[in-house]
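J.: One structure coming up, written as structure tokens, with questions to follow.
The values are calculated or read from the model by the stated rules, or taken from the named source; none is laboratory data. No experiment lies behind these values; they were computed from the predicted model shown. Virtual Cβ from ideal backbone geometry, glycine too; neighbours counted across all protein chains shown. Each accessible area value is taken on the protein alone, full model and side chains, heavy atoms only, with ligands, DNA and RNA left out. Shrake-Rupley method; radii C 1.70, N 1.55, O 1.52, S 1.80 Å.
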Amino acid sequence: MTDEKKNPIFPQLAPSYDITKKTKKLFTEINRDSSETVTTQLWQRSGSCPEGTIPIRRIEKNNGSKGDVVEKYGTKKLASFHDNKKKQLNESKMLNLLQPNHSVAILLTLGFAYLGAKGDIKVWTPQVESDDEYSTSRVALRSGPRLDYDAIESGWAVNPSVYGDRQTRLYVYWTADGSKKTGCFDLTCPGFIQTSNQIALGAAIYPISNPTGLPYQITVYIYKDPNTSNWWVQYGERINIGYWPSDLFGMLRAHAETVQWGGDVYSSKVGTHPHTATGMGSGRFSDYIMQSSGYIKRMRVLRNNMELTFPQWINIYTDEYNCYDAYYLSDYVEEPEFYYGGPGRNYKCP
């Protein structure tokens, strides 16, 4: 536990403007399916944290060790190749990736100044093949060039190198230079300031969806405080977990240029042969009929009018559609839904 009253890094304990009061009615006009259940966290079975403190997940000595130095623990992996032969063999394939060593299947919007984004994300535990790989499903806001951008994101992750196991965990992430030198997951480096005593970043999410059982989901909302310019993360439509101070960023200080919803797989074996078998979403290709894949529903953006609305322009993007695909459902439904995922290596993605 950390006592925020004794810690000078907590200058703002709550958002200065309650955006949710103005937008809650609009956002909840579309009711959830009665079978969809919001998840909780396993640690909450053992109790809670007193007011004025925050829950911090204990980092075991072997978590992220694997030869890593402390400074690298909790950071996203940089784009790199292990050897020149591999680079030569796969160079043409890597050119098709939006970001080296990452494969995404996303719904994205751009064209306006975005001050926030929100969505309901179905929770799964996909297979992660190697300890140095990960799979995330998230809401992300970005500004800047393709390989040198500012970004903030939140959702769930299966990330053995950071968390030491293959459980599905709630996370936040930030970077101010395309993950080259800045940024990390959760509280493993200076940056994100947690204020809530109810949510533990990096804690295991429970329960998890399965193809024959009930669907479980988390609701994530990232928004900018109009008075302080800090970027807040809200969980479950009621808990403000904490914020990223605006002075962490350059291009993202004023607003985001793009918003993304969907999945991201990191591996040195994406865009190569043989491909990684790390899954995205549930590890199944997009499935809007049985809903056995990853999905995000009730997508919203916050613009200068301070109202949550469905994005005006949207696009679907996949790096490797034979490995991870995406489907946007807009007809014959109450409102649009986004399905995504895949197993990675398969007969179409060898």
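J.: Collect the residues in the stretch 161-202 that are part of a strand (DSSP E or B), touching an Asp or Glu at 6+ places or on another chain (Cβ under 7 Å) and without any contact (Cβ under 8 Å) to a residue 60 or more places away in the chain, keeping them in residue-number order.
T.: The one that is part of a strand (DSSP E or B), touching an Asp or Glu at 6+ places or on another chain (Cβ under 7 Å) and without any contact (Cβ under 8 Å) to a residue 60 or more places away in the chain: Tyr171.
J.: If the requirement is being of a type outside the set (Phe, Trp, Tyr) and either within 19 Å of the chain's Cα centre (by Cα) or at pLDDT 95 or above (or both), which of these qualifies: Met306, Met251?
T.: Answer to the selection: Met251.
J.: Based on this model, can you work out whether Asn322 counts as out of contact with any strand residue (DSSP E or B) (no Cβ under 9 Å at 6 or more places or on another chain), free of Cβ contacts under 8 Å to residues at least 60 places away in the same chain and not in a strand (DSSP E or B)?
T.: no
J.: Where residues in the stretch 128-149 are within 17 Å of Gly279 (Cβ to Cβ) and of a type in the set (Asp, Glu), which of them is surrounded by the fewest Cβ atoms within 10 Å (Cβ to Cβ)? Before you say what the answer is, go through the steps one by one.
T.: In the first step, residues of the stretch 128-149 are kept if they are within 17 Å of Gly279 (Cβ to Cβ); the result is 128-138.
Within this subset, residues satisfying the condition of being of a type in the set (Asp, Glu) are 129, 131-133.
Numbers: Glu129: 18, Asp131: 14, Asp132: 16, Glu133: 24.
Looking at the filtered set, the residue picked out is Asp131.
Every residue, every condition in (1) modelled with pLDDT of 95 or more; (2) assigned to a loop (DSSP other than H, G, I, E, B); (3) open to solvent by 20 Å² or more (accessible area, probe 1.4 Å); (4) touching a Lys or Arg at 6+ places or on another chain (Cβ under 9 Å), yes or no:
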{"position": "Asn210", "(1), (2), (3), (4)": "no, yes, yes, no"}
{"position": "Ile218", "(1), (2), (3), (4)": "yes, no, no, yes"}
{"position": "Pro226", "(1), (2), (3), (4)": "no, yes, yes, no"}
{"position": "Glu237", "(1), (2), (3), (4)": "no, yes, yes, yes"}
{"position": "Gln260", "(1), (2), (3), (4)": "yes, no, no, yes"}
{"position": "Asp264", "(1), (2), (3), (4)": "yes, no, no, yes"}
{"position": "Thr272", "(1), (2), (3), (4)": "no, yes, no, yes"}
{"position": "Ser282", "(1), (2), (3), (4)": "yes, yes, yes, yes"}
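J.: Let me ask another. What number of residues within the stretch 180-212 are farther than 22 Å from Leu13 by Cα and β-branched (Val, Ile, Thr)?
T.: The total comes to 4.
J.: When residues of the stretch 284-298 are filtered for being more than 21 Å from Tyr134 (Cβ to Cβ) and either surrounded by fewer than 24 Cβ atoms within 10 Å (Cβ to Cβ) or among the acidic types (Asp, Glu) (or both), how many remain?
T.: Total meeting the criteria: 7.
J.: Looking only at the stretch 150-177, how many residues end up being open to solvent by 10 Å² or more (accessible area, probe 1.4 Å) and not aromatic (Phe, Trp, Tyr)?
T.: Pass one, the stretch 150-177, residues open to solvent by 10 Å² or more (accessible area, probe 1.4 Å): 161, 164-167, 169, 174, 176-177.
Cutting the leftovers down to not aromatic (Phe, Trp, Tyr) gives us 161, 164-167, 169, 176-177.
So the answer is 8.
J.: Here's a follow-up. Just to verify a result, which residue in the stretch 239-254, among those that are touching a strand residue (DSSP E or B) at 6+ places or on another chain (Cβ under 8 Å) and part of a strand (DSSP E or B), is nearest to Asp177 (Cα to Cα)?
T.: Ranking the candidates gives Trp244 first.
J.: For the stretch 308-350, give me the residue count where each residue is surrounded by fewer than 21 Cβ atoms within 10 Å (Cβ to Cβ) and among the small types (Gly, Ala, Ser).
T.: Total meeting the criteria: 1.
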